[in-house]
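The values are calculated or read from the model by the stated rules, or taken from the named source; none is laboratory data. The model shown is predicted, which means the values in this text are computed figures rather than measured ones. A quick note on method: Cβ atoms are made from the backbone with ideal geometry, for glycine too, and the neighbour counts reach across all protein chains shown. Keep in mind that these areas ignore ligands, DNA and RNA; they rest on the heavy atoms of the full protein, side chains included. Shrake-Rupley method; radii C 1.70, N 1.55, O 1.52, S 1.80 Å.
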Amino acid sequence: MPSYKAPLRDMKFLLNEVFDYPGHYRTLSTGANATPDIVDAVLNECGRFCEEVLSPLYQTGDEEGCRLEDGEVRTPNGFRDAYQQYASGGWQGLSAPEEFGGQGLPASMGLFKQEMMGTANWSFSMYPGLSLGAMNTLFLHGSDEQQQTYLEPLVEGRWSGTMCLTEPQCGTDLGQVKTRAEPRADGSYQLTGTKIFISSGDHDLTENIIHIVLARLPDAPKGTRGISLFIVPKFLPTPDGGVGERNGVTCGGLEKKMGIKASATCVLNFDHATGYLIGPENQGLECMFTFMNTARIGTAIQGVGPAELSYQWALDYARERRSMRALSGKKEPEQVADALIYHADVRRMLMTQKAIAEGGRAMLYYAARLADHMVDGHMRGDQEAVDKYDDKLGFLTPILKGFLTELGNEAANLGMQVFGGHGYIREHGMEQIVRDTRIATLYEGTTGIQALDLLGRKVLLMTRGGAVREFTLKVANFARKHLTNSQLRPMALELLKLTGQWNWLTVRVMLAARKDRDVVSSAATDFLMYSGYVTMAYIWARQAAVAVAKLDTGGEESEAFYRAKLATAEFYYQRLLPRALGHATTMLAPANTMMQLEAGDMACTR
C-alpha cells in the first residue's frame with residue numbers, strides 16, 4: 001500500500017527562507033510562542049501523526065466508507081481511534097485562543113497542519129476541518145454566552161461543527177433558502193427544513209455536533225437580504241457544559257459519492273429543531289462568509305494535497321518501473337529496460353506535478369501570512385488592519401480555490417497516467433486520488449463561481465481594477481530588483497510583461513462588459529486561470545531568487561535541493577506559464593460565440 005511522507009524540507013524552506021515566518025511571527029500578538037523551535041517541533045510531530053496514523057487509513061477508509069445505521073452515521077474502522085489521538089494531542093486548538101483552551105498559535109500554523117492532514121487523508125481531515133470554520137464564525141459573531149457554551153468543547157475537539165447552506169432547490173443561489181426559523185418566547189428559534197450535501201453532518205467521532213445553519217425568519221425580506229444564521233446543536237447543551245437531550249436534527253441519508261467516501265456527506269432534516277441566532281437578524285450571509293472564506297482556503301489545500309500525494313507515489317513508481325530504453329541512450333544497461341523516469345514524456349508529467357504541488361504550497365503560505373495579519377487585527381481590535389488584510393486576502397481567495405483545485409485535479413490525473421494501466425487499478429491508490437480530488441473544484445463554489453467572484457465582484461464591482469493594480473505593482477517591484485541577475489532576468493522580464501498584460505486585460509474586459517453584461521461571465525474562468533498562472537509565476541520567481549542566493553552563500557538545505565528549486569521554476573516558466581497566453585486570448589473573445597445559439601437549438605436529438 002502506498003504511503004504518505006510529509007514534505008517537511010519544502011515546508012521549512014518556504015517558512016524559513018522564502019517568506020521569513022520567524023520574522024513574521026515576531027510582528028504578531030499571537031506569535032510569541034511560535035518560536036523556530038516550537039514551529040519545528042509542531043511540524044515534525046504533525047508529520048509523524050499524518051504518516052503513521054492517518055495515511056494507513058486512507059485506502060481502507062475508502063473501501064469501507066461510512067454507513068447509516070438506525071439513523072446514526074458510523075465512520076470506517078480506525079477513524080474513531082485516530083480522531084481521539086488527534087483531539088488528545090491538542091491539534092484542534094492549535095491556533096485557537098488560550099482563553100478557550102487553545103494553544104494560541106498563529107492561524108497559519110493551523111493551515112500547515114491542515115495541509116499535511118489533508119494530503120495524508122482528505123476524508124478524515126474534513127471532520128475537524130469543518131469544525132474550524134464553525135469556531136471562526138463563533139469567534140467573530142457569537143455572543144459572549146454562545147462563545148462560553150460552544151467554543152471550549154469545539155476547541156478541545158469533544159464537539160465538532162458543520163456548515164449547513166445547500167438545500168434541494170438551491171446551491172450557490174442562497175436567496176432561494178426555504179428553511180424557516182420561528183421565534184420562541186424564550187429567545188430561541190424553531191427551525192424546520194432540509195439541508196443536503198452537509199459534510200460531517202453526522203458521525204460517531206464526537207459527543208456532539210454543532211450545526212451552523214442558514215434559515216429565514218417569518219417576516220424576512222426575499223432573497224439573500226432575508227437570511228439569518230443560527231446555531232443548531234445535535235444535542236442541546238446542559239447548563240454545566242455537558243450534553244443534554246437530543247435536538248430535532250436527524251440524518252435522512254448518506255450521499256453516494258464518486259470519492260471522499262470516508263467523509264460523511266449527509267442529508268439533514270431539521271424538524272422543529274431548537275436553534276439560536278448568531279449575529280443580527282437577516283445578516284446571516286455576511287456572518288456565514290467568515291465560514292465560507294475559511295472553507296475556501298481550506299479547499300485550496302485540496303489542490304495542493306492531491307498534487308503532492310500523486311507526485312510522491314508517481315515518482316516512486318517511475319523510479320522502479322522499467323519500460324524500453326531512453327531515446328538518448330541506455331541509462332541502466334545492467335537492467336532489461338530503463339526506468340520510466342528517464343523518458344522525457346514521463347518526466348514532463350512528473351515535473352508538472354512537482355511544479356503544481358510546490359508552487360501551490362508556496363501560494364498558500366504566501367496567503368497564510370495575510371490571514372495571520374487579519375486575525376491579529378481582530379485580536380487587537382484594529383478594524384483598519386482587519387479591512388486592509390481582508391481585502392488583500394479576498395482578492396487571492398478565489399484564485400487559490402479555483403486555480404489550485406483545477407491544477408490539483410490535473411496533477412492527480414497525470415499521476416494516474418504515469419502508472420499506466422496500474423493507475424486504473426484500485427490497489428495502487430492512484431484512481432482514488434483522482435476520485436477524491438474531483439470534488440474540490442465543485443464545493444464551496446465551483447470554479448465558475450470563484451471566477452465570477454474574482455472578476456465580477458472583487459475586480460470590476462468592488463475595486464474597478466484596483467485589486468489587480470495593487471497586486472501587480474508588488475509583482476513588478478519584485479521583478480525590477482532581479483533584472484541584473486543573469487539567472488533570474490528571464491523570469492523578471494516575463495513577470496514585467498505579464499503585470500502589464502494583466503492590467504490591460506482587466507481594462508479590456510471592463511470596457512467590453514459595459515456593452516454586454518454576458519462578457520463578465522464568458523471571460524471569468526479564463527480571467528481566473530490567467531490570474532492563477534501569473535500569481536504562481538510570481539511565487540516561483542520568489543523561490544528561484546532564494547535558491548540562487550543560497551547557491552552563492554549557502555543555506556539550510558543542500559546544493560542539490562536549491563538546484564532542483566531553480567530547475568522547477570524554469571520548467572514552470574517554459575512549460576506551464578505559456579498556458580496563460582491561451583487564457584488571455586480566449587477571455588477577449590466575444591460573448592456571443594457562447595450565447596448566440598438559441599437554448600432550444602442546443603440539442604441534436606429529435
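Work out how much length Arg26 to Met324 would gain on full extension: take 0.36 nm times their residue separation and subtract the Cα-Cα distance, in nm to one decimal.
Taking 0.36 nm per residue and subtracting the Cα distance, the gain is 101.8 nm.
Enumerate the calculated ³J(HN,Hα) couplings along the stretch 112-125 in order (Karplus 6.51 cos²θ - 1.76 cosθ + 1.60, θ = phi - 60°), each rounded to whole Hz, writing x wherever the residue is Gly or Pro.
Using θ = phi - 60°, the values come out as 4, 4, 4, 4, 5, 5, x, 6, 5, 6, 4, 4, 5, 5 Hz.
What is the Cα coordinate range of the chain on the first, second and third principal axes, sorted by size from largest, in whole angstrom?
80, 65, 59 Å, listed from the longest principal axis down.
Using the Cα centre of the stretch 124-210 as origin and beta-carbon charges of +1 (Lys, Arg) and -1 (Asp, Glu), tell me which of Val155, Tyr189, Phe124 is placed farthest towards the positive end of the dipole.
Tyr189
Suppose only helical runs count, i.e. DSSP H with n ≥ 4. What mean residue ellipticity at 222 nm does that imply for the chain under -39500 (n - 2.57) per run, divided by all residues and rounded to the nearest 500 deg cm²/dmol?
When only DSSP H runs of four or more count, the value is -17500 deg cm²/dmol.
To the nearest 20 debye, what is the magnitude of the charge dipole of the chain about its Cα centre, counting +1 on the Cβ of each Lys and Arg and -1 on the Cβ of each Asp and Glu?
Dipole size: approximately 2460 debye.
For the stretch 211-312, give the percent of accessible area contributed by carbon and sulfur heavy atoms, probe 1.4 Å, rounded to a whole number.
Accessible surface attributable to carbon and sulfur in the stretch 211-312 totals 53 percent.
Using a basic spin-label model with each label point 7 Å from the Cα along Cα→Cβ, how many nm lie between Gln487 and Arg579?
Placing both labels 7 Å along Cα→Cβ, they lie 2.7 nm apart.
Towards the positive end of the charge dipole of the stretch 467-569, with charges on Cβ (+1 Lys, Arg; -1 Asp, Glu), say which of Phe471, Ala564, Thr535 has the farthest Cα.
About the Cα centre, the residue reaching furthest to the positive side is Phe471.
Which GluC sites (Glu not before Pro) does the stretch 273-382 hold that lie in a coil by DSSP with at most 14 other beta carbons within 10 Å?
Sparse-neighbourhood loop GluC sites (Glu not before Pro): Glu334.
To the nearest 10 Å², what's Met258's accessible area with a 1.4 Å probe?
In the full protein context, Met258 sits at about 110 Å².
Are there any trypsin sites (Lys or Arg not before Pro) in the stretch 465-525 that are in a DSSP loop and have at most 15 other Cβ atoms within 10 Å? List them by number.
When the trypsin sites (Lys or Arg not before Pro) of the stretch 465-525 are filtered for loop state and at most 15 Cβ neighbours within 10 Å, Arg517 remain.
With θ set to phi - 60°, apply the Karplus curve 6.51 cos²θ - 1.76 cosθ + 1.60 along the stretch 84-96 and write out the HN-Hα couplings as whole Hz, x wherever there is a Gly or Pro.
In residue order, the calculated couplings are 4, 5, 4, 5, 5, x, x, 5, 5, x, 3, 10, 8 Hz.
Less than 14 Å Cβ to Cβ from Arg74, Lys/Arg counted +1 and Asp/Glu -1: what total charge do the surrounding residues give?
Charge balance in the 14 Å sphere: -4.
Which net charge results when you count Lys and Arg as +1 and Asp and Glu as -1 among the other residues whose beta-carbon is under 15 Å from that of Gln501?
+2
Which one of His428, Leu400, Phe235 is farthest out on the positive end of the charge dipole of the chain, using unit charges on Cβ (Lys, Arg +1; Asp, Glu -1) and the Cα centre as origin?
Most positive-ward Cα: Leu400.
Taking the Cα centre of the stretch 56-193 as origin, sum charge times position over the Cβ atoms of Lys and Arg (+1) and Asp and Glu (-1), and report the length of that vector in debye to the nearest 20.
The calculation lands at about 160 debye.
Ignoring ligands, DNA and RNA, what percent of the 1.4 Å accessible area of the stretch 19-77 is carbon and sulfur?
47 percent
Counting Lys and Arg as +1 and Asp and Glu as -1, what is the net charge of the other residues whose Cβ lies under 12 Å from the Cβ of Met349?
Summing Lys/Arg as +1 and Asp/Glu as -1 gives +2.
Out of the total accessible area of the stretch 477-557 (probe 1.4 Å, heavy atoms of protein only), what percent is carbon and sulfur?
50 percent
Relative to the present Cα-Cα distance, how much length would full extension add between Asn269 and Glu245 at 0.36 nm per residue of separation?
6.9 nm
May I ask you to list the trypsin sites (Lys or Arg not before Pro) in the stretch 294-363 that are in a DSSP loop and have at most 13 other Cβ atoms within 10 Å of their Cβ?
Those that pass, being in a loop and sparsely packed, are Lys330.
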